[in-house]
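So the structure is just underneath, and the comments pick up after that.
The values are calculated or read from the model by the stated rules, or taken from the named source; none is laboratory data. Keep in mind the model is a prediction, meaning the values are calculated, not measured. Positions of Cβ are generated from backbone atoms using ideal geometry, with glycine treated the same way; all protein chains shown enter the neighbour counts.
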Ligand SMILES: Nc1nc2c(c(=O)[nH]1)N[C@H]1C(S)=C(S)[C@@H](COP(=O)(O)O)O[C@H]1N2
Ligand SMILES: [Mo]
């Protein structure tokens, strides 16, 4: 309070800088809280802060986005929100400093920032027109609080707070401090209330209420010997908790099974739609599928395997009747993510694409798409695996583009044959002598035929393959090499059943998946 109360010789004619900054920051806090509260009622993504964050994600140029994912991994969203908070604090401070005499410069700046919130919310595909109520609440609250606190602060500074003399100044100062504290507390309470309303949708309760999902056609049990976990590979089935996760939205959509509906329309003979019970009451089939992300670097972790339970997408499409000429199913998630999948792949009974409602014996986890998602063996997730899916439009590839296509990724994206070394870990030190190298390989829909390893650029030697579980899944391998004391490099390459061997050349993930041999350097001692 020292700075605020510093005695001045000449009567000041403007707010001290710290007071001005405080007014700006508190007004922005109040604005965000009001928007967050309103968004709690009409849809969490209408919260102006989140909406601006989501727009930032959607508008970020592809190279920056790829860099952010590479650098921060799944913390990229936290980094973005923190970065936005810092920028906003600076803007709020500047708005205050520009308004040391009069409030209008700050009001203008606040309006400009508020307009960003409006644009962001209007751009959200998942919000109705009510969505703009949230940024409207922010804007009005921000401007009113700013003008009010600004007035109190001027009274306090100039001593125009009412009665004459120091008593008046003291009263004005008290009024300003109390009001500031009130705004800070009020913003906290409103923001928290908005958060409570936003999570009131009891999605976990809805998941629990689904009850046991019993497949009419269970996936064959994973045979013993399907993994080499003892040698350092992952377990064959990835637990739901460890399953990799990719989503564009800042917050995971919270939709209950009761609210969920999938609408099938566009180039169909008849529009149909399905509620959750319609799907759950059908003959459910379970399939073991390895999902893969196109962003997976050579040797990367964005590949996992689960037992997915659901109904064949083929059956649902046949009920709607696909008109000739339609070559794309354009799927939309409740959060606005979209993907374009070839009709041909979805109708192929051998591929076995599912509308999944279960994963590893439970209803889909919320982060993996509850109530329902698509799972299409052999296609990268961004062109096929829409989570929280609510809409299928039968259309043509030349008519509509899925979310990632204008961002530099390929329209058609079959998963490339790949292999990865899981043991030894990079830079590990291992005992010299015989060493078991182990890992995974995948070539979804055709199967892995052969895996080979070589040490220090020597001759390729065949690896032992684990028991094959299916063509839609990964396959584990291991090989024994002789490592003399010193530094080594081990490399791997797979050959699929079409006879194609992975090529050596390293190609980055964009636009249609990384290629190249995975190599691991280690020391034998
Ligand atoms: N709604 C929605 N669905 C989505 C995505 C997304 O960002 N939003 N990401 C896709 C991508 S890029 C991949 S690789 C898979 C990942 O599925 P998972 O998170 O269950 O592993 O989901 C796909 N489905
Ligand atoms: Mo992905």
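For the range 415-424, indicate whether the set of residues that are over 24 Å from residue 513 (Cα atoms), over 17 Å from the mean Cα position of the chain (by Cα), in a loop (DSSP other than H, G, I, E, B) and more than 14 Å from ligand 1 (Cβ to nearest atom) is non-empty. Yes, that holds for at least one residue. Taken over the range 449-495, residues that are out of contact with any strand residue (DSSP E or B) (no Cβ under 8 Å at 6 or more places or on another chain) and either under 17 Å from residue 234 (Cβ atoms) or part of a strand (DSSP E or B) (or both) amount to 1. Among the numbered conditions (1) closer than 23 Å to residue 17 by Cα; (2) over 25 Å from the mean Cα position of the chain (by Cα); (3) in a helix (DSSP H, G or I), the only one that residue 139 does not meet is (1).
Of all the criteria given as (1) within 16 Å of ligand 1 (Cβ to nearest atom); (2) touching a strand residue (DSSP E or B) at 6+ places or on another chain (Cβ under 9 Å), the one not satisfied by residue 241 is (2).
Yes or no, residue by residue, for (1) over 25 Å from the mean Cα position of the chain (by Cα); (2) part of a loop (DSSP other than H, G, I, E, B); (3) at pLDDT below 90:
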site	(1), (2), (3)
182	yes, no, no
201	no, yes, yes
205	no, no, no
219	yes, yes, no
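Here residue 372 passes the criteria (1) buried (at least 24 other Cβ atoms within 10 Å of the Cβ); (2) more than 21 Å from residue 271 (Cα to Cα) except the one numbered (2). Here residue 264 meets the list (1) touching a helix residue (DSSP H, G or I) at 6+ places or on another chain (Cβ under 9 Å); (2) closer than 21 Å to residue 360 by Cα almost entirely, failing just condition (2).
Please go through the range 275-302 and pick out each residue that is more than 9 Å from ligand 1 (Cβ to nearest atom), assigned to a strand (DSSP E or B) and under 22 Å from residue 236 (Cβ atoms). Step through it out loud before you land on a result.
So in the range 275-302, the residues more than 9 Å from ligand 1 (Cβ to nearest atom) come out as 275-290, 297-301.
Then keep just the ones that are assigned to a strand (DSSP E or B); that gives 275, 285-290.
Those that are more than 9 Å from ligand 1 (Cβ to nearest atom), assigned to a strand (DSSP E or B) and under 22 Å from residue 236 (Cβ atoms): 285, 286, 287, 288, 289, 290.
Of all residues in the range 357-382, those satisfying the criterion of being within 12 Å of ligand 1 (Cβ to nearest atom), in contact with a helix residue (DSSP H, G or I) (Cβ under 9 Å, 6 or more places away or on another chain) and under 22 Å from residue 202 (Cβ atoms) are 359, 364, 365, 366, 370, 372. Filtered by the rule that a residue be more than 18 Å from residue 288 (Cβ to Cβ), crowded, with 24+ Cβ neighbours inside 10 Å and more than 19 Å from the chain's Cα centre (by Cα), the range 327-362 gives 328, 329, 341, 346. Consider the range 255-269 and keep the residues that are part of a strand (DSSP E or B) and surrounded by 20 or more Cβ atoms within 10 Å (Cβ to Cβ). The one that is nearest to ligand 1 (Cβ to nearest atom) is 262.
Of all residues in the range 303-315, those satisfying the criterion of being more than 11 Å from ligand 1 (Cβ to nearest atom) and surrounded by fewer than 23 Cβ atoms within 10 Å (Cβ to Cβ) are 307, 311, 312, 314, 315.
Checked against the criteria, residue 431 does not count as within 15 Å of ligand 1 (Cβ to nearest atom), in contact (Cβ under 8 Å) with a residue 24 or more places away in the chain and more than 23 Å from residue 271 (Cβ to Cβ). Within the range 403-412, if we keep just the residues that are within 20 Å of the chain's Cα centre (by Cα), part of a loop (DSSP other than H, G, I, E, B) and more than 10 Å from ligand 1 (Cβ to nearest atom), the residue that is nearest to residue 279 (Cα to Cα) turns out to be 410.
Take residue 355 and decide whether it is in a strand (DSSP E or B) and under 30 Å from residue 62 (Cα atoms). Explain how you work it out, then say what you get.
On the way: in a strand (DSSP E or B): yes; under 30 Å from residue 62 (Cα atoms): yes.
Spelling it out, residue 355 is indeed in a strand (DSSP E or B) and under 30 Å from residue 62 (Cα atoms).
Restricting attention to the range 334-385, the residues that are touching a strand residue (DSSP E or B) at 6+ places or on another chain (Cβ under 7 Å) and modelled with pLDDT under 95 add up to 1. Buried (at least 20 other Cβ atoms within 10 Å of the Cβ) and more than 16 Å from ligand 2 (Cβ to nearest atom), is that true of residue 483? So residue 483 fits the description; yes. Within the range 270-302, the set of residues being within 13 Å of ligand 2 (Cβ to nearest atom) and surrounded by fewer than 20 Cβ atoms within 10 Å (Cβ to Cβ) comprises 297, 300, 301, 302. Search the range 379-396 for residues being surrounded by 24 or more Cβ atoms within 10 Å (Cβ to Cβ) and part of a loop (DSSP other than H, G, I, E, B), and hand back the single one that is farthest from ligand 2 (Cβ to nearest atom). The residue in question is 388. When the helices (runs of 4 or more DSSP H) confined to the range 42-126 are screened for residues that are surrounded by 20 or more Cβ atoms within 10 Å (Cβ to Cβ) and touching a residue at least 60 places away in the same chain (Cβ under 8 Å), those reaching at least 3 such residues are found at 48-59, 76-98, 104-122.
Take the conditions (1) over 30 Å from residue 39 (Cα atoms); (2) touching a residue at least 12 places away in the same chain (Cβ under 8 Å); (3) surrounded by fewer than 17 Cβ atoms within 10 Å (Cβ to Cβ); residue 235 misses just one of them, which is (2).
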